[in-house]
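The values are calculated or read from the model by the stated rules, or taken from the named source; none is laboratory data. For clarity, every value in this text was computed on a predicted model and none was experimentally measured. Ideal geometry is used to build each Cβ from the backbone, glycine not excepted, and the neighbour counts take in all protein chains shown.
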Amino acid sequence: MLERRLTFYCGHTGLPLIQLDKLKKLASYFTSDVQVFNLQLLRSESVTKPLHVSTLASKPYQLCQLVITGVDAELALLVLTDFIHEYACPLLLPSSDSKGNRILKQRMAMLDFPLSFITPKQIQADNNKAQLLATMTRSLVDEKVIKVDDYQEVLAAIEKRESISATVMGNGIAMPHVMIDPIIQPAMVISCCQKMDWHSARGNVSKVLMMVLPKPLSRSVLMAFSRFSKQLLQDHYADALRQASDSNVIQALIIEAMLASD
């Protein structure tokens, strides 16, 4: 079944009922099921029930998705994208100066520690786990998260961790990670790849999130990454993260998980 997702922040007034009624009417023109999925509450409701949806999208700046499933999901996405542009704050390409992108920057600033998000440009050339880990680690040098002289040490630490147990979280996501002295500041390296053998009984992966943390680790960093790891165990959240391909959407999903209440 064809599925499309559109990720957005609600505006400063949320989505009031009059707008949700319009969304219901627009969705009725298509042979597709349309759900509003709140990525912070991890709850979804059909747009055919505006009152129910209002419990998910009535607060300002909630991170949500339209999840469109059906034979004409692509056409429905085109029309409903216009609706979201008019009444909410969609996350667009990183080069766009949209309101949704500005909200994402504000949410990132709410973390009380610096965090680098890195998307290597040459991932497509890597066709196995060892090559991918090497490329992702090299990107830490390029972004000055580690010094060039520390590249081999960090890569060896990541490979050693993987040799103990492949870090597949399920849902097609792997999260290789290491906490080691040469790391200058916390960082996440993001890779969207074709299905790749991660040498795990949990199957192949299509998204790799490399997490590198400095040592010693501050409490604020520990708590934020613990919240994210906990959220990743939720199937609905993991599905949304696995299917996301735009770097801004991936960052928003991770940031909101890190900012979640304990």
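Restricting Arg242, Arg161 to those that are of a type in the set (Lys, Arg) and in contact with a Gly (Cβ under 8 Å, 6 or more places away or on another chain) reduces the list to Arg242. Of all the listed residues (Thr55, Thr69), the sole one being in a strand (DSSP E or B) and surrounded by fewer than 17 Cβ atoms within 10 Å (Cβ to Cβ) is Thr69. Inspect all residues belonging to region 150-171 and state whether any of them is closer than 27 Å to Ser46 by Cβ and in contact (Cβ under 8 Å) with a residue 60 or more places away in the chain. Checking region 150-171: at least one residue is closer than 27 Å to Ser46 by Cβ and in contact (Cβ under 8 Å) with a residue 60 or more places away in the chain. From the list Ala125, Ala109, the one residue that fits, being at pLDDT below 95 and more than 19 Å from the chain's Cα centre (by Cα), is Ala125. Residues in region 209-252 that are among the small types (Gly, Ala, Ser) and free of Cβ contacts under 8 Å to residues at least 12 places away in the same chain: Ser226 alone. Is it true that some residue in region 5-28 is aliphatic (A, V, I, L, M) and under 30 Å from Ser139 (Cβ atoms)? Yes, that holds for at least one residue.
Restricting attention to region 140-190 and to residues that are modelled with pLDDT under 95 and of a type in the set (Ser, Thr, Tyr), the residue that is nearest to the chain's Cα centre (by Cα) turns out to be Thr167.
Filter region 72-90 for residues that are in a loop (DSSP other than H, G, I, E, B) and not acidic (Asp, Glu) and give the result. Quick ask: steps written out before the conclusion?
Kept after step one, since they are in a loop (DSSP other than H, G, I, E, B), are these residues of region 72-90: 72, 88.
Ala88, the sole residue that qualifies.
Looking at Ser226, is it more than 25 Å from Leu66 (Cβ to Cβ) and assigned to a helix (DSSP H, G or I)? Against the criterion (more than 25 Å from Leu66 (Cβ to Cβ) and assigned to a helix (DSSP H, G or I)), Ser226 qualifies. For region 57-72, the candidate set comprises residues that are out of contact with any helix residue (DSSP H, G or I) (no Cβ under 8 Å at 6 or more places or on another chain) and modelled with pLDDT of 95 or more; within that set, the residue that is nearest to Tyr9 (Cα to Cα) is Val67.
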